[in-house]
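These notes concern the structure reproduced below.
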Amino acid sequence: MAEPISLTVVSLIAGGFLAEAGSGTWRTATRVTDFLRRKFGRDQAAIEALQECEEAPSDESVRNNLRAVLDRYLDGDSQFQEALLSTLEAEGYSRDEVQNNRIAVSDNANVGKIVQIKSVQGDVSF
């Protein structure tokens, strides 16, 4: 059940490292990656997945690799999950925002665009 959390974290990291250095998004991403680096400790594969996401945040395979690492940690360690959620809360994200971003579509539903937006300054169009 960790998937929504890992998706949020990886999106936040990737978005932060695609943003302008020094921006609020970039600062949040660096704080979260610092937290993850400390938690990953000597797990070289996890550290490499995190570093690759910092270096190539627009690469989907890199993001998926980091999500898999996070899911493994989140599924296996409830204290890690709690610490990660607390870190995200300190950065202004509520637990509901982080944990409840799953959308289910079933049967013969015809879905167009699905968008979740936290805050907007300016126009949004599709």
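Brief remarks on what is shown
- Selection over segment 44-56 of residues that are surrounded by 14 or more Cβ atoms within 10 Å (Cβ to Cβ) and either touching a residue at least 12 places away in the same chain (Cβ under 8 Å) or in contact with a strand residue (DSSP E or B) (Cβ under 8 Å, 6 or more places away or on another chain) (or both) gives a count of 6.
- Filtering segment 8-56 to residues that are of a type outside the set (Asp, Glu), outside any loop (DSSP other than H, G, I, E, B) and over 20 Å from Tyr93 (Cβ atoms) leaves Phe40, Gln44, Ala45, Ala46, Ile47, Ala49, Gln51.
- Selection status of Thr25, under 15 Å from the mean Cα position of the chain (by Cα) and open to solvent by 40 Å² or more (accessible area, probe 1.4 Å): yes
- Inter-residue pairs, beta-carbon under 8 Å, first open to solvent by 70 Å² or more (accessible area, probe 1.4 Å) and in segment 76-97, second among the polar types (S, T, N, Q), 6+ apart: Glu97/Thr8
- Test for Phe40: is it aromatic (Phe, Trp, Tyr), within 19 Å of Gln81 (Cβ to Cβ) and either out of contact with any Lys or Arg (no Cβ under 7 Å at 6 or more places or on another chain) or surrounded by fewer than 17 Cβ atoms within 10 Å (Cβ to Cβ) (or both): yes
The values are calculated or read from the model by the stated rules, or taken from the named source; none is laboratory data. It should be emphasised that the depicted structure is a prediction, and the values quoted were computed from it without experimental measurement. FYI the Cβ positions are ideal-geometry reconstructions off the backbone, even for glycines, and counts take in every protein chain you see. Accessible surface areas use protein heavy atoms only, side chains included; no ligands, DNA or RNA. Shrake-Rupley method; radii C 1.70, N 1.55, O 1.52, S 1.80 Å.
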